[in-house]
Every structure is written in structure tokens, then in C-alpha cells.
Amino acid sequence: MNAPYFQIKIQDEQKEYAREIVEYSIKNHPVTDIFANDPNGKARQFEFRYTGSLGEVVFADTYGLPRPKRSFGAIDGQDFGQDFFLNINNKMHSVDVKTMHRKGNVFLENYVLNIPGYQMHKDFSVTDYYFCISLHDVGHSSYATFLGLINKSDVIDGKIGNLFKSGTTRIRQDGTSFKFYRDTYEIMFRHITPPIITDEIRKMEGFKELYLLPGRKDNLY
């Protein structure tokens, strides 16, 4: 049996903190972002940053690390791909938290995390590992699912993941399709190293161990 990932309940205070740092970011930085030409850009910009920032806040609280003081995009909050330092195999490593929002937290082994190629290869990045978190809602409650770690060097060296060039069309598990508009790495969930689960984490509200389910076809997710 594969090693477990886990979920915990997100607290209202964590949501409020994330909301505050995102609102500060949007109001105070002048950098044009990917939603600049979108008619619904403001709403999508907020949701995009809120998801990422909430994932970082929950990650910090779960592993006893300092919370982020600035959100993605803030001029005084750039992290160069280094959200946190985490002890991995008895050595401190730089970790970049990648957070997505999905409908649930039951995943197949061949579901994927997408990471833009430019993030992998930018010269000033100091990332050693990516940490994958998925958020989902049940009624009025929200949960964070900690899927685990991806070694950046393993992706770049071709040991895990696949690089798809801009313009490539991909097929989802439900048969719908989409197109990549920039070079993108897909990393299958079965290649994610399961997260560290401490005794303190097991005591957190909403804690539950979960396991990846067998995948179907490798080219779908």
C-alpha cells in the first residue's frame, strides 16, 4: 500500500489572514499580471492569489513555521521560489508551496500537478522542492489536503514529470480538453513524495489519512 497523504480543516482565522495579505498585495504592487486583460480579471486575480496565500498560511501553521507576511506579487514580498525552509531527510531545504483548488480530495495516481516551465528554469529561483496542497470545500467548511513533496532536480533531470510545449492539447479524465499556452511540466501524483505526518498534525481538527487510488490511462487526469 502506498504511503498516505492527509487533510486538515482550515480555520476561519487562517482564511481571514490570507485575505488580508492578498488585499494588501493587490492594492500596493504595480506589476501587471496574467489577468490584466481579462474582463473578470480583478476577481480572478484575487482568487488566484488567495488560493496560493491560504495554502502557504496553512502549511506554515501545520509545520510550525513563520506565516508569510506578504502575498504573491507584493514588491516587498518576493520570495524567488522560496516560501519556507523545511527539514527534509535531516537537511534544511527551500520549499515553494503550490496550492490548487479542486472539488474534492480523493485522487488517482495519475492526476497531475502543473508547473510552468519558466518557474523551473528561471535563473534567480532558489527552490529545492515544491510542496503540493489541494483545497476543497464541504458546505461552509474548507479543508487543505497535503499531498507532499516534488524534488525540483528530479523534474529537471527527467526522472519524474513530463514537459509539454506551448500549444499542446491535453485530455482530462472526463474527456474534455484544454491547451497549454506556455511550456508546462506535468508531475503525476504517484511521483509526489508523501508528506511528513507528526503527532501534532494527527491531533489537528479534521485530520484524516488518505491514499491515492489506482490511475487509469497515463495521458489522462
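Any read-out appearing in this document is the output of simple, stated calculations on the displayed coordinates, not a laboratory observation. Note that the coordinates shown come from a computational prediction; the quantities given were computed from them, not determined experimentally. Cβ atoms come from the backbone with ideal geometry, glycine included; neighbour counts cover every protein chain shown.
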Quick one: grab the alpha carbon gyration tensor of the stretch 128-169, order the square roots of its eigenvalues as a ≥ b ≥ c, and give me rounded if a/c is under 1.5, else prolate or oblate depending on whether a/b is larger than b/c.
-> oblate
Distance in nm between Lys165 and His140 label points, each 7 Å along Cα→Cβ, equals 5.2 nm
Could you list which residues have their amide H under 5 Å from that of Thr168, counting only those 5 or more apart in sequence or on another chain, with H placed in the peptide plane?
-> Phe180
Within the stretch 83-144, DSSP-loop chymotrypsin sites (Phe, Trp or Tyr not before Pro) with at most 11 other C-beta atoms within 10 Å are Phe124
Helical mean residue ellipticity (222 nm; -39500 (n - 2.57) per DSSP H run of 4+; nearest 500) of the chain | -7000 deg cm²/dmol
The pairs in Lys91/Lys122; Lys27/Lys69; Lys98/Lys203 lying past 20 Å Cα-Cα in this model are Lys91/Lys122; Lys98/Lys203
Obtain the nm distance between the two label points defined at Phe85 and Ser177 by a simple spin-label model: each point lies 7 Å from its Cα along the Cα-to-C-beta direction.
-> 4.8 nm
Given H placed on each backbone N at 1.01 Å, which residues far from His101 in sequence or on other chains put an amide H within less than 5 Å of it?
-> Leu135
Within the chain, what is the longest stretch that has no trypsin sites (Lys or Arg not before Pro) placed in a DSSP loop and near at most 15 other beta-carbon atoms within 10 Å?
-> 1-68
Taking amide H positions as placed 1.01 Å from N in the peptide plane, with prolines and chain starts having none, which residues 5 or more places from Phe6, or on another chain, fall under 5 Å of its amide H?
-> Phe146, Leu210
